[in-house]
Amino acid sequence: GCDIAGVVESKGKDVKRFKVGDAVFGDLAEKGWGAFAEYVCAKEKAFVIKPNNVTFKQAAAAPIAALTALQGLRDQGQIQSGQKVLINGAAGGVGTFAVQIAKSFGAIVTGVCSTRNVEMVRSIGADHVIDYTLEDFTRSEQQYDLIFDAVGNHSLTDCRRVLDSKGILVLVGGPDKGRFLGPLSRSLRALVLSRFVKQKMVMLFAVRKKADLHIIQELLSSGKITPVIDKCYTLNDVPEAIRYLEEGHAQGKVVINVIG
């Protein structure tokens with residue numbers, strides 16, 4: 001209930017950038033979420049204009065996931081054109097954006113996903129696709145300049161095996177393990193290990209930045225990224241949508257269509 005797209009119904013007297021009737025998209029993270037509703041109220045800076053070539057469903061699927069992918073690749077991963085980049089979890093909400101954004105930077109992208117998602121990941125721009133049910137990417141002879149790990153299902157040692165000697169591992173997600181710190185335990189181990197090796201391992205905390213939301217707007221407008229939407233649910237079916245999402249097998253994003 002964080003990302004949102006819709007039409008401005010009313011505005012405060014100090015709002016200058018939007019008018020009633022404008023189609024906008026953005027996120028409600030600053031106000032504590034709350035997008036599962038017919039109407040929401042948020043600050044002006046939470047939104048940008050929705051591109052005409054993008055549907056409301058597509059726009060609503062983009063903000064947080066696309067910002068996470070952008071900041072992980074650009075800021076933490078220091079991605080460069082021509083680099084070999086691996087996206088672990090390439091079929092997920094963040095992963096589908098990561099594949100496309102990495103391609104927009106000119107990278108050579110390998111996506112890791114399950115069998116049923118291989119063709120989809122290839123269709124959004126991945127140069128190579130690894131079916132994890134058939135092949136373990138950490139046992140490959142291939143070396144990567146950057147690994148964007150949105151799953152966390154391999155040990156740091158295994159990931160480092162296929163990471164260039166000066167490569168970067170960006171940890172975006174991970175299993176809920178660890179006696180005290182849960183998924184943070186793996187990330188903290190990575191931060192400590194980075195102090196003693198040439199490889200860099202970083203933990204990503206995405207931050208909402210208006211400038212980055214504008215970049216997502218431009219990427220959507222240019223067609224460089226297209227949100228992958230698995231299923232749409234009505235507002236009444238939010239519990240079912242959450243249950244489906246928690247199964248962990250969604251292809252791209254799940255969207256709530258408030259108006260039916």
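Overview of values
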item: Region 215-228 - residue that is of a type in the set (A, V, I, L, M) and over 13 Å from the mean Cα position of the chain (by Cα) and, of those, nearest to Ala59 (Cα to Cα); result: Leu220
item: Options Asp27, Asp14, Asp22, Asp3; residue that is under 18 Å from the mean Cα position of the chain (by Cα) and either farther than 25 Å from Thr226 by Cβ or open to solvent by 10 Å² or more (accessible area, probe 1.4 Å) (or both); result: Asp3
item: Filtered residue count, region 19-38, keeping only those that are at pLDDT 95 or above and more than 23 Å from Val207 (Cβ to Cβ); result: 5
item: Selected residue (criterion: farthest from Asn117 (Cα to Cα)) from residues of region 247-260 that are loosely packed, with under 14 Cβ neighbours inside 10 Å and within 16 Å of the chain's Cα centre (by Cα); result: Gly248
item: Some residue of region 34-42 being surrounded by 13 or more Cβ atoms within 10 Å (Cβ to Cβ), within 21 Å of the chain's Cα centre (by Cα) and closer than 24 Å to Lys103 by Cβ; result: no
item: Matching residues in region 216-232 - criterion: being surrounded by fewer than 18 Cβ atoms within 10 Å (Cβ to Cβ) and in contact with a helix residue (DSSP H, G or I) (Cβ under 8 Å, 6 or more places away or on another chain); result: Lys224, Lys231, Cys232
item: Residue list for region 43-59, restricted to those being open to solvent by 40 Å² or more (accessible area, probe 1.4 Å) and modelled with pLDDT of 95 or more; result: Ile49, Asn52, Asn53, Thr55, Phe56, Lys57, Gln58
item: Asp212 in a strand (DSSP E or B) and under 18 Å from the mean Cα position of the chain (by Cα); result: no
item: Failed item in (1) part of a loop (DSSP other than H, G, I, E, B); (2) open to solvent by less than 20 Å² (accessible area, probe 1.4 Å); (3) among the aliphatic types (A, V, I, L, M), with Ala241 passing the rest; result: (1)
item: Test: residue in region 60-74 that is touching a Phe, Trp or Tyr at 6+ places or on another chain (Cβ under 6 Å), over 25 Å from Phe148 (Cα atoms) and crowded, with 24+ Cβ neighbours inside 10 Å; result: no
item: So Gly152, is it modelled with pLDDT of 95 or more and open to solvent by less than 10 Å² (accessible area, probe 1.4 Å); result: no
item: Cβ pairs under 9 Å, 6+ apart, first in region 83-105 and on the phi > 0 side of the Ramachandran plot, second assigned to a helix (DSSP H, G or I); result: Gly89/Gly95; Gly89/Ala98
item: Residue list for region 127-160, restricted to those being within 16 Å of Ser114 (Cβ to Cβ), touching a helix residue (DSSP H, G or I) at 6+ places or on another chain (Cβ under 8 Å) and of a type in the set (Ser, Thr, Tyr); result: Thr133
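The values are calculated or read from the model by the stated rules, or taken from the named source; none is laboratory data. This one's a predicted model, so the numbers in the text were calculated from it and none came from an experiment. Heads up, the Cβs are rebuilt from the backbone with ideal geometry, glycines too, and the neighbour counts pull from every protein chain shown. Heads up: the accessible areas ignore ligands, DNA and RNA and are worked out on the full protein's heavy atoms, side chains in. Shrake-Rupley method; radii C 1.70, N 1.55, O 1.52, S 1.80 Å.
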